[in-house]
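Notes follow once the structure below has been shown.
The values are calculated or read from the model by the stated rules, or taken from the named source; none is laboratory data. None of these values were measured; they are calculated from a predicted model. Counting neighbours? That spans all protein chains shown, and the Cβs are built from the backbone with ideal geometry, glycine included.
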């Protein structure tokens, strides 16, 4: 070992992430996030090359287990894996033996016995990835667990915003919409605060969790006021699939109070950055005009998503 | 650990001039040649060479190439490998590429660099320029085309190149009896 270390210069090694899995932003340190962002810069350069592939993970096999629907996250993870030269297997719940009554641990252990090195998990139950990391012997990446966390989304949001407005320290960031059912909101709050930003949430009282103020997050129910305060806004979708009852009278009323349109944006007389994690419900939380405007960085977010996920898997792979 | 100085600033400067003039001799007006410095340690050497070429009124493209993601020792160390910037603003298609690095040791970095190059096109040929060639330590069949000096050293010794820009002196040291 000493022989090998001898010819490795101090410039080319760095310390590892403090975690062995990516389960949520709350388990990361500021140093981890900075290291992920720095590595992302390099992968962003890689994916903009003519040949977008590097061989770093060529000896790893990664399983993507998606027990919930997904377009962006799934494709983004798979592209990231392929651009790192990893072997990839995909499993979605509808096509798996889960419907025959197999438990999550059994499913995963069966997959692991086929020599898979890393698991990317999306699951409808909050805490599923934390549970899995305690019960199976593999590296777990949380790609969204119920209403709990969606760490890669939060990292790519913070990274994209950082690229547009520089350091997030003391910046004001607003999250609008269905905070109660959103894992993106939870992870975003952790990430922005860790990077030193102030976070405010805006939405109908029924869709804002009661305990949110204990996270040092302020609440505003007037969208115009909230927009005037912020440097960047993250518009969230109403998660109808997680609602068993009605949280607001009608969609029309929601749109009138919390939908982002050109008129409100013009009225605040300030350039703010607009983000959306997707999928967009055009005409509900955001109008087409705004979603396609110069201020919206929705497609930048998607591009950065691949680079962020490459960086995360690269950094976690060196700990396997 | 005893250090032995094997090159001083004056010697380094004259070696770099010689290497630059060897390049001029081989590459005429550099219209079909580009220089790629290997991150991180080849960059300062390449800049010195470029300064001389510019003094001699040659115009030549210089890029920096990071090989981190192409290394063959990823996941074989305790620590992560840190990437550096790659910056190549020109095409290397049908060009002669001169790779520049400070020390040629096992040859593994150069193998990674040859791999990394493929992402940028198909060069007509690739050459290698090194300030130091540790000739008895090679693990792969790779040799320099332009070489500053050859150093005979054992595997457990260390060659340390210091540059004015980073370490306030131009010098090359051989670290002896490391860990013995």
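So here's what we get for this one:
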{"quantity": "Residue that is at the interface with chain A (Cβ under 9 Å from one of its Cβ atoms), in contact with a strand residue (DSSP E or B) (Cβ under 9 Å, 6 or more places away or on another chain) and either assigned to a strand (DSSP E or B) or over 30 Å from residue A:316 (Cβ atoms) (or both), where the choices are B:97, B:160, B:103", "calculated": "B:103"}
{"quantity": "Which listed residue is within 11 Å of another protein chain (Cβ to nearest Cβ), over 18 Å from the mean Cα position of the chain (by Cα) and surrounded by fewer than 17 Cβ atoms within 10 Å (Cβ to Cβ), from B:119, B:80, B:57, B:91", "calculated": "B:91"}
{"quantity": "Looking only at segment A:92-139, and only at residues there that are in a strand (DSSP E or B) and touching a residue at least 40 places away in the same chain (Cβ under 8 Å), the one that is surrounded by the most Cβ atoms within 10 Å (Cβ to Cβ)", "calculated": "A:120"}
{"quantity": "Selected residue (criterion: farthest from residue B:40 (Cα to Cα)) from residues of segment B:60-74 that are within 10 Å of chain A (Cβ to nearest Cβ) and surrounded by 17 or more Cβ atoms within 10 Å (Cβ to Cβ)", "calculated": "B:74"}
{"quantity": "Candidate set: segment A:155-172, residues that are over 13 Å from residue A:233 (Cβ atoms) and outside any helix (DSSP H, G or I); chosen: the one nearest to the chain's Cα centre (by Cα)", "calculated": "A:168"}
{"quantity": "Any chance residue B:111 is crowded, with 16+ Cβ neighbours inside 10 Å, within 23 Å of residue B:35 (Cβ to Cβ) and in contact with a helix residue (DSSP H, G or I) (Cβ under 9 Å, 6 or more places away or on another chain)", "calculated": "yes"}
{"quantity": "Set A:284, A:290, A:255: member being more than 14 Å from every other protein chain (Cβ to nearest Cβ), more than 26 Å from residue A:43 (Cβ to Cβ) and surrounded by 20 or more Cβ atoms within 10 Å (Cβ to Cβ)", "calculated": "A:290"}
{"quantity": "Single unsatisfied condition, residue A:89 versus (1) more than 19 Å from residue A:187 (Cβ to Cβ); (2) touching a residue at least 24 places away in the same chain (Cβ under 8 Å); (3) assigned to a helix (DSSP H, G or I)", "calculated": "(3)"}
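Table: residues versus (1) in the same structural domain as residue A:191 (by TED's automatic domain parsing); (2) in contact with a strand residue (DSSP E or B) (Cβ under 6 Å, 6 or more places away or on another chain); (3) without any contact (Cβ under 8 Å) to a residue 40 or more places away in the chain.
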position: A:242; (1), (2), (3): yes, no, no
position: A:267; (1), (2), (3): yes, no, no
position: A:277; (1), (2), (3): yes, no, no
position: A:282; (1), (2), (3): yes, no, yes
position: A:295; (1), (2), (3): yes, yes, yes
